[in-house]
1. Bins of 10 Å, beginning at zero and ending with the bin holding the largest distance: percent of Cα pairs per bin for the range B:28-98, please.
2. Given labels modelled 7 Å from the Cα in the Cβ direction, how far is it in nm from A:E58 to B:K254?
3. In whole angstrom, how long is each semi-axis of the equivalent ellipsoid of the protein assembly as shown, when you take the square root of 5 times every eigenvalue of its Cα gyration tensor and sort them from largest down?
4. Once both axes come from the Cα atoms, what is the angle between helix A:389-405 and the longest principal axis of chain A, in degrees from 0 to 90, rounded to 10?
5. On the full set of protein chains, 1.4 Å probe, figure out the accessible area of B:C49 and give it in Å² to the nearest 10.
6. Can you figure out the FRET efficiency of B:R377 with B:N297, using R₀ = 35 Å and their beta-carbon distance, to the nearest 0.05?
7. Quick one: go through the range B:49-78 and flag any residue whose amide nitrogen is under 19 Å from the point 7 Å out along the Cα-to-Cβ line of B:S153.
8. Give me the percent relative contact order of chain A, please, defined on Cα pairs under 8 angstrom at least 6 residues apart.
Amino acid sequence: MNIKPIIVKSYLESLTEEGELNKIFPILLTSMDFEILSSPTENKGLSEYGKDFVAIGEDKDGIKKRFYFELKGGGDRDITPSVLTKPDGIIESIREAINADFETTYLDFEKLPKKIILVHNGELKGGARKTFKGFIDKEFTRYDNIKFERWGIDRLTTDFSNYLFGSYLLVNQESTKLFNKVLINLNASDEISIDFIQLLDGLFKQNECEGYATKLQRKWVLLFETLKLISLIIYTESKKYNNLDIAKRYLTHLIIKYWYWILKNRIELDKKVIKYFDETFSFYIDVLEEYFKRTLPIAIIENGLASESAGRYEEIGYTIRTFEYLMFFSFFIDTVISKYEISQSKSKELKILLINVINANSVSGRPLVDINSITIINVLNLFIQLEDTESATNYLKKVLRYIVNGKERYGRLPDANNSYESVIRFTLTGKKTVYYSDKTSPLLAVLMEYIIILNLKEEYDEIGSFLINNDIDLGIFTPHHGINSTSKHLIEDKNNDLEEQLFSNPNMDDGYQRNINLIKENQNLMSFDEFKQNYRERIDEFQYEYRSDEAGFSSLRNLAHIHFKISYFPDMWRNVNV
Amino acid sequence: MLVTEFIPYYLKTRKSQYKKTEIPNYEGLVEKEVLIESNSNLLIINYYCEELNNEILNIAEKMLNKKISEDLSEAFLFIESFQKLLLEEYNLTSRINPFSSMIRGLEVYVLSIFHKQGDDLLTFCSSLKVRDKREKHLLSFELGFLKLLPYSSYSSKDTFEVLNALLKEKELQRHINNALYDFIRKDLERGIGLLEYGLAEEESITIVSILLVAIYNTSDINTIDEIVELDEKYSLQRIKILARLNFKSLKDLKIALGYLNDLNFEDIEYADEQCFLINSIIKSDFSTDEVNSNLFNSYRKFLNQKNKEFVNRLFKNVLLINGYENDRYQLLLLSLPKLIDYNTVVEFFYTLKDPKYLFNFIVNLYSLRPANRFPIRRFSPLIKHYIRFKLKETEQLILSLFENLQYGRLGVKIILEIHQIDFLKLDKEEFQINAIKSVCNSPHSFNKLLPYILPLRNSMHSKVPLYLQQRLSELVFNTYHETVYNQIKEILIESKEEDVEFLKPIKESLNKYYKLKEKKESINDLNPYENEKDLMNLYYRLEAEERNKSKSKIRDRKDGVFGSMKTSVIVRGNSFKVDGKTVYPMARIQSEMLVNPKIFLNPDLFDF
């Protein structure tokens, strides 16, 4: 049975929110080879005069025309008598479209035949049919050079099936089934479904880099549009579950995969490609923004991130959630500051929000696993970057207090194997499983270096003695790929450079564990100055020129560390200056 | 009342003492020494009264329908049968035997008859088999014999001979001691004769020691010279004797003090007796503050020794001192690091009258580890003991814990588990606020504590009700929501305007909480049921597993309640049926505790 039209139709029908149709429609136009001259976002705040989208394209009669698309979605998606006649309703919009002027530099735009198309993801209801037909007949017989068409749900289903879903997503029965399974099981797991991973893998596998002369290959355009479409569908479906965390998870994976494909094909500096990627990435950031707009009012209340009903699980769950939340929130702030160049006052506003979340949720300094270092480093770097060393110092002290307390009271350090399961087992049974590793602490190694960065001598002495007394080793993962590396010959994965590994391999281990020594020859703790000197000598041990940074997407690297739970490379903090 | 009338009354009532009003015309019985007047109102039975026992023997012979045998062993068997018959008659078990004292008296009476008849009790006594191989009715023969001893006519030599033999039985030593005291009380001259014989013939030093002490303590005769002159090989025995004297003069006391000049840190037995002697001197009216102060110094030297066994043994003597509570408490603190048995500490505090030392002790201990897990229950019986005997002082001490916020939590634990307190008795505003803070920070059972802080809304200090209102509002909003709000509402008086006003902001907090809850529930983005299902399932599965493990651990314990039982698991159902028609419902055991959710939200902040 061909379920493709059913899936597409039911999806289009489900776009009931105001503006949802506006988001997906340009993807269709691009896939149909229309050249979009104007979209609703470009007319923000101005009267649209009945033209949501203005585009140039070839009509089915083979003649090039200018198209004025008037979109009616949300509550107006079905044509009913009231939708027809109400203020700003269909009749009013079409009349405005007929009379509207559109200024453009497009050559001979005014000479092209004009076509007005009413797009709505609903039906023409029986009660409105006669009035509508009468109005169209009467209105358009007056103009020879203006034609009219209505694209309702059936037409949209056909076009979306043929031009978009048909290209990649629903190309055969297998992929149709896969896509369907992704949508059905969207909220079934806490992670990303294997179907989604397979779906994306399949999409990227079909598109190997072959290069192009002046114009991007159509199949690439269709791939990029398909990725945009998937993002959009995931987003709208997540909203149906009233859960943007799903979108956050799935889209993070999509972005990482997408960027890996770009890196792998070495096209990260290709402006035409990056334009498409940026659209999807911006959409991802928009989704994150919406996620934080929904959740921040809760997160800044005392213990706001704690669940009201999850019971004793919260002794672990609340901490996991808080660290996850802070990790993404700090990533979001860093991205909008670095990529979108927001004003200083806006940055300050975001920083205050971050502080509020940290202060409202008491567990914000209570790492349970080593990879919580990502959150901690993100927060510290943000504070330092925003010239707030006091907040950075306070947060670092808070984290250190929790770590020391955890060791002294419960005999545990954050699990270096990053397994929340192991932490739960330890919490409930008091016994560490063989998978629980806390003899060597990468997290404390990083924090000791931050103690130097923030010049905290007292904390150095206290934590240094604590580490020695408890016989805790410090080690930092350092890739072999650094500019000054003396171990490049040990790289095993020669097919992928450092970033390609980072964006594709959660188990990457092309590097070494750098031991951080605290003890002098006489077995005493090194002085603060001695340790500082050693730290300075370590700074250049790992430096790297990232391709993502050159392409203007430095924050994507952070996202890869977040997504694959790979601890940050040392340049993430060693290049920070107070 | 006649003796013949009294005995049936006694058998029926089975009491060892009576109110005078219970026995009409008791005077006759007192005259015949059947009863002894204990105080203005009480009469005690003299079980060794000849006339009483003669009548009891008559009753026994009637009940058993035979005369008592002329054979000593048979006679004891007769008495044993009489006892058995009485127990049966009154439907009693031998475990709860109210006739034991009467039977002992009868045994002594029968022995005295045999003694008077010239029977050789000494030979009989020494011919008895060891106790675990002896006939049941003769098991307590020696006890009766020792009771008879003061009334017998044996020579000193014979007496020493039999006592020497009986001394071998450890459990008889106490009875021998009592018998010798009775001996001296009954006939001092004979007692002195016995002592002189013992000293001259170098008889058993144990019996000689008892005689030296008994004569010194119960008569005007001073035996101190004889004690001092004891052979050097009896130095330990001498110190033992001195330690048991009730000194008659300063001179004697000074002689005893001389034996404390050299404290013995080597011989634990000797040191123990030196401590006992210290106690005797401190107790004596002839001692002075200066002497006592020096003696406490000697104690300090003893308890400062490194040897734990030494300190533990000697510290027991500190428990026997009366008064001097501060000095004794200091000795406890000095010995504490070396004391092995916690019960010694508990026992120690039972000997003090002033509760302030216990509270000082608890506060010091708590300061070392100020945690919610502080085991206050360990001190619960002691605190209750003081509450019973020194209520006002103890309550004041509990209240004083709230004068310092650091100890407020300790105070809360006492209130929760041991004794209720009226916080309005705290005089200063700061202290009342401390009490509110301490209660509000309690990690659990806030519902039980609430009734104690709510009266503070009527405090004379204007800031206190406002502070209470603010904290309760916070708790209702952040922590306990409607549970505590409803409880507050229930306790407050609806018709009282002040109470209605007091409740208003708390109600507002509850409404604010409802709005927040609604807001949280309006999205699933942060909902663990949606986004952390796997970890949540793991957590609760493991938790259930751990609970079952500890249940089966209890079930499988061989020494526990279930050790001797066969247990079956009810797989499904709320009741069970073994055989027959009855279906037994399972007992439902339920306990409930209002827990501050912050305990599990951030366990690191709470040391619960």
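1. 18, 37, 34, 10, 1
2. Distance between label points: 13.7 nm.
3. In descending order the semi-axes read 96, 37, 29 Å.
4. Between the helix axis and the principal axis of chain A, the angle is about 60 degrees.
5. 10
6. Once the sixth-power term is evaluated, E becomes 0.45.
7. Taking a point 7 Å out along Cα→Cβ of B:S153, the residues of the range B:49-78 whose backbone N falls under 19 Å are B:50.
8. After rounding, I find 10 percent.
The values are calculated or read from the model by the stated rules, or taken from the named source; none is laboratory data. The structure displayed is predicted, hence computed values, not measured ones. Glycine gets a Cβ as well: all are built from the backbone with ideal geometry, and neighbour counts include every protein chain shown. Note: accessible area is taken over every heavy atom of the protein model, side chains too, but ligands, DNA and RNA are not part of it. Shrake-Rupley method; radii C 1.70, N 1.55, O 1.52, S 1.80 Å.
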